[in-house]
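Engineer: Take this structure, written in structure tokens, and hold onto it; I'll ask about it next.
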Amino acid sequence: MDKRELHNNIIYALTEADSVNESINILCECGIYIDKAESFKDVLEKIYEVW
């Protein structure tokens, strides 16, 4: 996945996904592994590392 596709997928996961599970699955496809118990801040830090 190139950088542009990665960014588009992350943005979609955060803004357009139909559910938390869909967001988590999309982020996992981008190499960002999270679970429902993590705080939003922790998730954003992981996204920042990949971005």
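Engineer: Could you tell me how many of the residues in the stretch 42-51 are of a type outside the set (Ser, Thr, Tyr) and either in contact with a Cys (Cβ under 9 Å, 6 or more places away or on another chain) or open to solvent by 80 Å² or more (accessible area, probe 1.4 Å) (or both)?
Structural biologist: Selection size over the stretch 42-51: 5.
Engineer: Take the residues in the stretch 1-26 that are hydrophobic (A, V, I, L, M, F, W, C) and in a loop (DSSP other than H, G, I, E, B); name whichever of them is farthest from the chain's Cα centre (by Cα). Write out each step before concluding.
Structural biologist: Of the residues in the stretch 1-26, the ones hydrophobic (A, V, I, L, M, F, W, C) are 1, 6, 10-11, 13-14, 17, 20, 24, 26.
Still in the running and in a loop (DSSP other than H, G, I, E, B): 1, 17.
Working: Met1: 14, Ala17: 10 Å.
It comes out as Met1.
Engineer: Another question, if that's okay. Do any residues in the stretch 27-51 that are assigned to a helix (DSSP H, G or I) have Cβ atoms under 7 Å from those of residues that are surrounded by fewer than 12 Cβ atoms within 10 Å (Cβ to Cβ) and of a type outside the set (Phe, Trp, Tyr), where the two are at least six apart or on different chains, and which pairs are they?
Structural biologist: Val50/Gly31
Engineer: Only one residue in Ser23, Ser39, Ser19 is open to solvent by less than 40 Å² (accessible area, probe 1.4 Å) and among the hydroxyl-bearing types (Ser, Thr, Tyr), so which one is that?
Structural biologist: One residue alone meets the criteria, Ser23.
The values are calculated or read from the model by the stated rules, or taken from the named source; none is laboratory data. Everything quoted here is computed from the prediction, not taken from an experiment. When we count neighbours, we look across all protein chains shown, and the Cβ atoms used for this are built from the backbone with ideal geometry, even at glycine. Each accessible area value is taken on the protein alone, full model and side chains, heavy atoms only, with ligands, DNA and RNA left out. Shrake-Rupley method; radii C 1.70, N 1.55, O 1.52, S 1.80 Å.
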